[in-house]
Amino acid sequence: MDSRRPKLDQYRQIVADLLQRHSLDKPSLGDIEVYYFADPVHDHYQVFHAGWNRSDRIFGPLIHIDILNDKIWIQYDGTEVGVANELVDRGIPKEEIVLAYHPPQWRHLGEFAVS
């Protein structure tokens, strides 16, 4: 049995719960839907917006997270509070979270995982 499985299952559940909660927050402006997408087989998770704000098309991610090499990779975070902080509040160690939207050569300057 893979000894990493309980940790990965826990990470998957925490990420899924967090993103599902974020998917309940509908933007106040425009006719915009919020979608939650989860692919637990390949470990890709996303909340994205699609719709219209007046004559402007709105489409794009609010949050995109992957689980790669036993760590949580935040590919995109459009939230105010920061999903990394929310993951830490839910018990994920900072050493297990990669802020993938930061250039690799700068990641060592922060308090989260380099890769």
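The values are calculated or read from the model by the stated rules, or taken from the named source; none is laboratory data. Nothing here was measured: the structure is a model prediction, and the numbers come from that model. Note that each Cβ is placed from the backbone with ideal geometry, even for glycine, and that neighbours are counted across all protein chains shown.
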In the stretch 11-67, anything over 12 Å from the mean Cα position of the chain (by Cα) and of a type in the set (D, E, K, R) is listed as Asp25, Lys26, Asp31, Glu33, Asp39, Arg54, Asp56, Arg57
Within the stretch 12-32, residues being touching a residue at least 12 places away in the same chain (Cβ under 8 Å) and in contact with a strand residue (DSSP E or B) (Cβ under 6 Å, 6 or more places away or on another chain) number 10
Subset of the stretch 78-115, residues surrounded by 14 or more Cβ atoms within 10 Å (Cβ to Cβ) and among the hydrophobic types (A, V, I, L, M, F, W, C), comes to Val83, Ala84, Leu87, Val88, Ile92, Ile97, Val98, Leu99, Ala100, Phe112, Ala113, Val114
Here the residues within the stretch 1-25 that are loosely packed, with under 13 Cβ neighbours inside 10 Å and part of a loop (DSSP other than H, G, I, E, B) are Met1, Asp2, Ser3, Arg4, Leu24, Asp25
From the option list Val34, Val98, single residue qualifying as at pLDDT 95 or above, more than 21 Å from Asp9 (Cα to Cα), in contact with a Lys or Arg (Cβ under 6 Å, 6 or more places away or on another chain) and of a type outside the set (S, T, N, Q) is Val34
Report task. Would you be able to say whether some residue in the stretch 53-65 is closer than 22 Å to Pro6 by Cβ, in a loop (DSSP other than H, G, I, E, B) and in contact with a Phe, Trp or Tyr (Cβ under 9 Å, 6 or more places away or on another chain)? Result -> no
